[in-house]
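We did not get these values from a lab; they are worked out from the coordinates using the rules stated. Everything numeric in this text was worked out from a predicted model, so none of it was measured. Here the Cβ positions follow ideal geometry from the backbone for every residue, glycine too, while neighbour counts run over all protein chains shown.
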Amino acid sequence: MPLAPGLTHQIVITVQDSDTARAAGGGTLPEVFSTPRLVSFLEKTSHEMILPHLEEGQTSVGTIVNIAHLAATPVGMQIRFMSELVSVEGRRLTFKVEAWDEVEKIGEGEHQRFIIDPNRFNRRLAEKQALIQK
């Protein structure tokens, strides 16, 4: 099945201590699910969705993240991350993403990913690295 708008995927996790704002940013922050982990899981959900549809040797990278973190979620509560592919423009993919804990919506927004050839991508990184090693 080709990549086409309408594809969906979801991931469910239980919030761990390591997922909290306190773990990410220090002892003065609350022990609630952190914004960086919210973004990470929404990206992961989108990436996992498209993997079965990519050609051999392809993968994807995130290029744009526009997420609102709407509500706090405590340790021990489950969160469901959902992604829907809404646009395919060549190798650029746009997703509508949402996250819900057991009580309410905690995040929403838009995410873009770009399909890449890892060999070409790594070659460009090596060329860039070589520029600073001279």
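In whole Hz, what ³J(HN,Hα) sequence does segment 60-70 give by Karplus (6.51, -1.76, 1.60; θ = phi - 60°), x for Gly and Pro?
9, 10, x, 10, 9, 10, 10, 10, 9, 8, 8
In degrees from 0 to 90, rounded to the nearest 10, what is the angle of the helix 35-50 Cα long axis to the longest principal axis of the chain?
With rounding to tens, the tilt is 50 degrees.
Pulled fully out, how much extra length does the chain show between residue 16 and residue 58, if you take 0.36 nm times their separation in residues and subtract their Cα-Cα distance?
11.9 nm
Using alpha carbon centroids, what distance separates segment 33-63 and segment 89-134, in Å?
7 Å
Taking 0.36 nm per residue of sequence separation and subtracting the Cα-Cα distance, how much length would be gained by fully extending the chain between residue 68 and residue 128, in nm to one decimal?
Taking residue 68 through residue 128 to full extension adds about 18.3 nm, to one decimal.
Taking the simple approach of a point 7 Å from Cα along Cα-to-Cβ for both residue 8 and residue 24, what is their distance in nm?
With each label placed 7 Å out from Cα toward Cβ, I get 2.6 nm.
I'd like the orientation of helix 118-132 relative to the chain: the angle between its Cα long axis and the longest Cα principal axis, in ° from 0 to 90, rounded to 10.
Taking the Cα atoms of the chain, the angle to 118-132 is about 90 degrees.
Under 13 Å Cα to Cα from residue 96, which aspartates and glutamates show up? Leave out anything in the same chain fewer than 8 places away.
Filter leaves 43, 84, 108, 110.
For residue 9, list long-range residues whose amide hydrogen, built 1.01 Å from N in the peptide plane, is under 5 Å from its own amide hydrogen.
Amide H neighbours of residue 9, under 5 Å, 5+ apart: 83.
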